[in-house]
Amino acid sequence: MRIDVLTLFPRMFEGPMGESIIGKAQDKGLLEINVSNFRDYANNKHKTVDDYPYGGGAGMLLKVQPIYDNLKVIEAKTPTVKKRVILLDPAGKKFDQSVAEEFSKEDHLIFICGHYEGYDERIRSLVTDEISLGDYVLTGGELGAMVMIDATVRLLPDVLGNETSAQTDSHSTGLLEHPQYTRPAEFEGMKVPEVLMNGNHKLIASWQLKESLRRTYLRRPDMLAQFPLTKEMEKLLAEIKQEEA
């Protein structure tokens, strides 16, 4: 996968994008990340990338020309590759695990990180997706882009050491992940549930499913309301509701 980021603050990506899973993915040749400062493409004397909105209004808007020319350069380098061009925008579709899974199937992603009050509307004609990290406003799109890149890259084949890790994560299955434990078996009076140490894989799987349902029921009932429950899950959920009453 190739990822391009258009930003006014490329140094923000220098550290995070070279560390942990993302750094290892690049070392393995599974990922290429390129960061552009679209100020370099401004065609005016002072390299300004923003201007006052026509008709008046508060704040400044990003101009279309620098971003247009930056995208043209990227397109020239990879003319045969289909691209998803993502505009980071508080008014966009909310990012979630399903969007990350969708992005992970693409060959080339381009993130445009905004700043100032907003965008010249013509920038929207250059993109395929308008995405928001959530119902709040950040000072720019850089942190949002980093989060989306991280959530996407970890889903690429061979990026995670354990191929089942991404499949069983919270939000990937539609339920929150069950509690997990490692050694020691007891710490400060807190014990690992006996069922996890008895070697009975059928019982362990049933416990994990029940506790996944319990955690979702208690913490994210909105997710559970949309989840297609099997008869076994319905039975377990009934037990959970009795136990938690």
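Pairs meeting the criteria (first residue in region 214-240 and over 19 Å from Q97 (Cβ atoms), second residue open to solvent by less than 70 Å² (accessible area, probe 1.4 Å) and not in a helix (DSSP H, G or I), beta carbons under 7 Å, at least 6 apart or on different chains) are L237/L229. Across region 53-73, which residue is farthest from the chain's Cα centre (by Cα) among those that are farther than 16 Å from R122 by Cβ and free of Cβ contacts under 8 Å to residues at least 60 places away in the same chain? Among them, the one singled out is G56.
Against the list (1) free of Cβ contacts under 8 Å to residues at least 12 places away in the same chain; (2) closer than 24 Å to D96 by Cα, the condition R183 fails is (2). When D4 is tested against the conditions (1) farther than 17 Å from S125 by Cα; (2) surrounded by fewer than 18 Cβ atoms within 10 Å (Cβ to Cβ), the lone failure is (2).
So, S125, is that one loosely packed, with under 15 Cβ neighbours inside 10 Å, of a type in the set (G, A, S), farther than 18 Å from M17 by Cα and modelled with pLDDT of 95 or more or not? It is true that S125 is loosely packed, with under 15 Cβ neighbours inside 10 Å, of a type in the set (G, A, S), farther than 18 Å from M17 by Cα and modelled with pLDDT of 95 or more. Within region 128-140, the residues that satisfy the criterion of being open to solvent by less than 30 Å² (accessible area, probe 1.4 Å) and either over 15 Å from the mean Cα position of the chain (by Cα) or among the hydrophobic types (A, V, I, L, M, F, W, C) (or both) are I131, G140. Restrict the check to region 207-220 and report whether at least one residue is open to solvent by 30 Å² or more (accessible area, probe 1.4 Å) and β-branched (V, I, T). So far as region 207-220 goes, no, none of its residues is open to solvent by 30 Å² or more (accessible area, probe 1.4 Å) and β-branched (V, I, T). Close contacts from region 90-118, counting a first residue that is part of a helix (DSSP H, G or I) and a second that is open to solvent by 60 Å² or more (accessible area, probe 1.4 Å), with Cβ to Cβ under 8 Å and a gap of 6+ residues or different chains, come to Q97/H171; V99/K93.
You will find that of S206, S132, S212, the residue that is in contact with a His (Cβ under 9 Å, 6 or more places away or on another chain) and of a type in the set (G, A, S) is S212 and no other.
Each row is one residue, and each column tells you yes or no for (1) over 23 Å from the mean Cα position of the chain (by Cα); (2) at pLDDT 95 or above; (3) hydroxyl-bearing (S, T, Y).
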{"residue": "E142", "(1), (2), (3)": "no, yes, no"}
{"residue": "V153", "(1), (2), (3)": "no, yes, no"}
{"residue": "M190", "(1), (2), (3)": "yes, yes, no"}
{"residue": "P193", "(1), (2), (3)": "yes, yes, no"}
{"residue": "M197", "(1), (2), (3)": "yes, yes, no"}
{"residue": "N200", "(1), (2), (3)": "yes, yes, no"}
{"residue": "S206", "(1), (2), (3)": "yes, yes, yes"}
{"residue": "P221", "(1), (2), (3)": "no, yes, no"}
{"residue": "I240", "(1), (2), (3)": "yes, yes, no"}
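Within region 10-29, is there a residue that is in a helix (DSSP H, G or I), more than 15 Å from T152 (Cα to Cα), in contact (Cβ under 8 Å) with a residue 40 or more places away in the chain and of a type in the set (A, V, I, L, M, F, W, C)? For region 10-29, residues in a helix (DSSP H, G or I), more than 15 Å from T152 (Cα to Cα), in contact (Cβ under 8 Å) with a residue 40 or more places away in the chain and of a type in the set (A, V, I, L, M, F, W, C): present. Taking (1) at pLDDT 95 or above; (2) touching a strand residue (DSSP E or B) at 6+ places or on another chain (Cβ under 9 Å); (3) not in a helix (DSSP H, G or I) in turn, I149 satisfies each apart from (3).
Among the residues of region 51-70, those identified as part of a helix (DSSP H, G or I) and either aliphatic (A, V, I, L, M) or surrounded by fewer than 20 Cβ atoms within 10 Å (Cβ to Cβ) (or both) are V64, Q65, I67, Y68, D69. Remark: I33 falls outside the filter, which requires a residue to be assigned to a helix (DSSP H, G or I), over 30 Å from M223 (Cβ atoms) and in contact with a strand residue (DSSP E or B) (Cβ under 8 Å, 6 or more places away or on another chain).
The values are calculated or read from the model by the stated rules, or taken from the named source; none is laboratory data. Worth saying up front: this structure is predicted, and the values here are computed from it rather than measured. Here Cβ is always computed from backbone atoms with ideal geometry, including for glycine, and neighbour counts include all displayed protein chains. For the accessible areas, the whole protein counts, side chains as well, though only heavy atoms, and no ligand, DNA or RNA atoms are used. Shrake-Rupley method; radii C 1.70, N 1.55, O 1.52, S 1.80 Å.
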